[in-house]
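The block underneath contains the structure these notes are about, expressed in structure tokens.
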Amino acid sequence: MSRNAEVAALLEEMADRLEALDVDYKPRAYRQAAENVRGHTVAVETLAAEGQDAVEEIDRVGEAIAAKIVEYVETGSIAELEELREQLPVDIEALTRVEGVGPKTVADLYEALGVQDLDDLEAAAEAGEIQEVKGFGAKTEQNILDNIAFARESHERQLLGDAQPLAERVMDHLRASDAVERVETAGSLRRWRPTVGDVDVLVATDDRQAVVDRFVEFDAETIEAGTSKASLRANGIRVDLRVVVPDEWGSALLYFTGSKDHNIVLRNRAIERELKVNEYGVFDVSGVDDPDSGQRVGERVAGETEAAMYAALELPYIAPEMREDRGEVAAAAAGELPDLIDETDVRGDLHLHTEWSDGDDSVAEMVAGAEEFGHDYIAISDHATGPGMVGGVGVDDDALLEQAEEVRAVAADADVRVFTGVEANIAPDGSVSVADDVLAELDCVVASPHASLDGDGTDRLVAACEHPEVNVLGHPTGRLLNQRPGLDFDVEAVAEAAAANDTALEINANPHRLDLSGSYVKRAIEAGATLAIDTDAHTPASYGFVRFGVHTARRGWAEPADVLTTREADDVAAFLGL
DNA sequence: GCCGTTTTCGGCCCGACTGTTTTCAGTCG
């Protein structure tokens, strides 16, 4: 959201360039700052407008980096970055995207051959010039050639919705081997981040080689294969396998699930207790002179399960979705972890479409699909006409009333309760694109922003929440992952307006949206808002997207009571004012 | 460059894999 991703990319470029120049420690500092800027829920331009001190409130952003962020917001560039670009005039972002090519390699090849971009790199490799450079050889040159094409096309993180099914297929493939005792995803995929850099899979086995051998038989290109780890590329997604002995399953799963920041908090907690935690277990190092003298120093006190790892640190189990260093370890230590919502808690869906607007199926088919899925209730909420609706997609006011009659007729014979409804558009001024008397006829009014999705949307969204007929604020930012950042807004102000007016804030479970995000969900709940997990389904097969919404809610520490769509139909009807 | 119940200086995670090397550097996660 906002320009945070843009600033984060610049800080990462600073890190790469400093690393190419062999500068110590600063690259790490810039990378950590970049990560936190990217994940920060307040827009950097908002913070910069308040002053440098406000920018420094971002974790791992100190005086120097904050000054550069302010400089960038005010002038559009960072002088020091420009100097670094002059010093090493290469497209370092593109070049380091090539698997196996890092900042040092970029510097070496520029120095020796004047390589500045992917075209230069490819030409040098094809001409056989790279293997002549000191420190390089024929194999490195061939690897570069093999990986350039992939680097040209893939520059984005993968959608969770694409990576998750691939992970399931890989795990099924592995389970067919007798050598596999346990298999699980790890990394950001297991934490259900909306996008992931790769797919991480962990296996427990007594026969590591057999598992690696089975893994590389998966229909994909092998990147590397050793005795305890291997990597593939399938459907353009990198899949990393880690293989461990069963005794180290819990410690390895915890370590490789991350996040890195969560693990650092755990490690520091361990040190306070004269314990050492790593991917091999928890070790009591109270009687050890040098705890850093090896991987398995001291008496091993845990490692076989994640729960035992946490228990050794005097903590209850913390769900993967919460492991983002947002205070979860402190909450666990205080016995204040939320009782998280899970997939079985959801009873209905208040945002879906039919062929009346841009859906694929009829009202009757969507209702039948909901029955089959096991929902207790749904709302038919087709697009209304208005800003953002192109090609005559939206349903006008008269047709909405006609459709409501059809919905009531279908509902009469259905096993699920069916609410009439609409997805109205929120104009930039906060007004809603359907007449009030028509909205009053409908059971469930979802209002969503679809156009003019830049800048600050706080007033616009607050106005929609305050509209007496609006029940759900649909995909509040309007973001599309990897496509557009969506509206920036003051989440506390919108959440408070929502709470005061009995409007639910949606967690749109469509894998392209996941909007609100987990960090916004957490702050919305803290501000007193009620959430609604909806799929925005355009066909019955998409009811299954609800799991992405549930795990996003878990990333925001949501309990069942925080979510409208966990309630029984009568209670939802009451919330809708029926 | 950042950070601090070891606090204004001194430390910053580290192991696996690959390819180039005869003991290590770079990359990656």
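A few remarks follow.
- In segment A:72-92, the qualifying residues are those that are open to solvent by 60 Å² or more (accessible area, probe 1.4 Å) and in a helix (DSSP H, G or I), and the one that is farthest from A:Ile144 (Cα to Cα) is A:Glu74.
- Inside segment A:20-35, residues that are open to solvent by 60 Å² or more (accessible area, probe 1.4 Å) and more than 7 Å from DNA strand B (Cβ to nearest atom) make up a count of 4.
- Condition met for A:Ala414 (open to solvent by 10 Å² or more (accessible area, probe 1.4 Å) and either in contact (Cβ under 8 Å) with a residue 40 or more places away in the chain or in contact with a Lys or Arg (Cβ under 8 Å, 6 or more places away or on another chain) (or both)): yes
- Restricting segment A:136-187 to residues that are of a type in the set (Asp, Glu) and assigned to a helix (DSSP H, G or I), the residue that is surrounded by the most Cβ atoms within 10 Å (Cβ to Cβ): A:Glu141
Conditions tested, residue by residue: (1) outside any helix (DSSP H, G or I); (2) open to solvent by less than 20 Å² (accessible area, probe 1.4 Å).
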{"position": "A:Ala94", "(1), (2)": "no, yes"}
{"position": "A:Val106", "(1), (2)": "no, yes"}
{"position": "A:Glu111", "(1), (2)": "no, no"}
{"position": "A:Val115", "(1), (2)": "yes, yes"}
{"position": "A:Asp119", "(1), (2)": "no, no"}
{"position": "A:Ala123", "(1), (2)": "no, no"}
{"position": "A:Lys134", "(1), (2)": "yes, no"}
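- When residues in segment A:192-213 are screened for being assigned to a loop (DSSP other than H, G, I, E, B), away from DNA strand B (no atom under 13 Å from the Cβ) and closer than 30 Å to A:Tyr520 by Cα, 3 of them pass.
- If you go through segment A:41-63 and keep only what is open to solvent by 60 Å² or more (accessible area, probe 1.4 Å) and within 14 Å of DNA strand B (Cβ to nearest atom), you end up with A:Gln52, A:Asp53, A:Glu56, A:Glu57, A:Asp59, A:Arg60, A:Glu63.
- Check on A:Arg97, within 24 Å of the chain's Cα centre (by Cα), at positive phi and either without any contact (Cβ under 8 Å) to a residue 24 or more places away in the chain or within 9 Å of DNA strand B (Cβ to nearest atom) (or both): no
Each row is one residue, and each column tells you yes or no for (1) in the same structural domain as A:Asp198 (by TED's automatic domain parsing); (2) of a type outside the set (Gly, Ala, Ser); (3) surrounded by fewer than 18 Cβ atoms within 10 Å (Cβ to Cβ).
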{"position": "A:Gln209", "(1), (2), (3)": "yes, yes, yes"}
{"position": "A:Phe215", "(1), (2), (3)": "yes, yes, no"}
{"position": "A:Gly226", "(1), (2), (3)": "yes, no, yes"}
{"position": "A:Asn235", "(1), (2), (3)": "yes, yes, yes"}
{"position": "A:Asn278", "(1), (2), (3)": "no, yes, no"}
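- Within segment A:378-400, being out of contact with any helix residue (DSSP H, G or I) (no Cβ under 9 Å at 6 or more places or on another chain) and not in a strand (DSSP E or B) holds for A:Ser381, A:Gly386, A:Pro387, A:Gly388, A:Met389, A:Val390, A:Gly391, A:Gly392, A:Val393, A:Gly394, A:Asp396, A:Ala399.
- Members of segment A:43-71 found to be assigned to a helix (DSSP H, G or I) and touching a Ser or Thr at 6+ places or on another chain (Cβ under 9 Å), listed by number: A:Val44, A:Glu45, A:Thr46, A:Ala54, A:Glu71
- Any hit, segment A:535-555, residues being β-branched (Val, Ile, Thr), over 20 Å from the mean Cα position of the chain (by Cα) and outside the structural domain of A:Pro165 (by TED's automatic domain parsing): yes
- Residues that are touching a helix residue (DSSP H, G or I) at 6+ places or on another chain (Cβ under 6 Å) and more than 11 Å from DNA strand B (Cβ to nearest atom) occur at least once in segment A:264-276.
- Any hit, segment A:377-384, residues being of a type in the set (D, E, K, R), under 24 Å from the mean Cα position of the chain (by Cα) and away from DNA strand B (no atom under 16 Å from the Cβ): no
- Hey, A:Asp16 crowded, with 16+ Cβ neighbours inside 10 Å and more than 8 Å from DNA strand B (Cβ to nearest atom) or not: yes
- Of the set (1) farther than 16 Å from A:Leu350 by Cα; (2) out of contact with any His (no Cβ under 8 Å at 6 or more places or on another chain), all apply to A:Val407 but (1).
The values are calculated or read from the model by the stated rules, or taken from the named source; none is laboratory data. Predicted, not measured: the structure shown is a model, and the values here were computed from it. Note: ideal-geometry Cβ built from the backbone for every residue, glycine included; neighbour counts use all protein chains shown. Only protein heavy atoms, including side chains, enter the accessible area calculation; ligands, DNA and RNA are left aside. Shrake-Rupley method; radii C 1.70, N 1.55, O 1.52, S 1.80 Å.
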